[in-house]
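Since every read-out is calculated from the coordinates, none of them should be taken as a lab result. No experiment lies behind these values; they were computed from the predicted model shown. Virtual Cβ from ideal backbone geometry, glycine too; neighbours counted across all protein chains shown.
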């Protein structure tokens with residue numbers, strides 16, 4: 001399914017699916033916060049390290065399947081399949097945008 005996502009979110013999913021992780025700076029604000037699996041990552045360097053760790057540990061793909069907008073928060077439901085325990089899973093990525101970049105991301 002092809003969804004119409006804001007550019008920053010579309011780029012985030014492209015990176016998650018194996019594109020150049022250095023492009024993180026193009027989709028996240030300087031002090032962005034990501035919360036994933038109970039851990040918090042803040043700033044480009046920490047978010048880039050988080051992505052590198054995930055991609056080095058597992059082979060996976062992420063397919064956005066649904067969008068829900070609630071005020072300033074955009075939640076993308078995604079189908080994630082790979083070589084990790086419990087695969088496949090459906091995850092919700094809750095994004096907060098500032099301007100044209102991601103300022104917050106919580107994955108549940």
Worksheet item: Out of segment 3-12, which residues are surrounded by 16 or more Cβ atoms within 10 Å (Cβ to Cβ) and more than 16 Å from residue 53 (Cα to Cα)?
Response: 5, 6, 8, 9, 11
Item to complete: Starting from segment 92-105, take each residue that is on the phi < 0 side of the Ramachandran plot and without any contact (Cβ under 8 Å) to a residue 12 or more places away in the chain and list its partners that are in a strand (DSSP E or B) and loosely packed, with under 14 Cβ neighbours inside 10 Å, counting only C-beta distances under 9 angstrom and pairs at least six apart or across chains.
Response: none
Worksheet entry | Members of segment 1-43 that are within 16 Å of residue 78 (Cα to Cα) and over 13 Å from the mean Cα position of the chain (by Cα) | 1, 2, 3, 4
Worksheet item: Any idea how many residues of segment 24-44 are surrounded by fewer than 16 Cβ atoms within 10 Å (Cβ to Cβ) and closer than 20 Å to residue 57 by Cβ?
Response: 5
Discussion item. So if I check each of 51, 55, which one is under 17 Å from residue 87 (Cβ atoms) and in a helix (DSSP H, G or I)?
Written reply: 55
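Tell me which residues, restricted to segment 60-93, are outside any strand (DSSP E or B), out of contact with any helix residue (DSSP H, G or I) (no Cβ under 9 Å at 6 or more places or on another chain) and surrounded by 11 or more Cβ atoms within 10 Å (Cβ to Cβ).
Correct list: 72, 87, 88.
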Practice prompt. State all residues of segment 30-45 that are under 11 Å from residue 105 (Cβ atoms) and touching a residue at least 12 places away in the same chain (Cβ under 8 Å); if no residue qualifies, say none.
Written response: 32, 33, 34, 35, 36
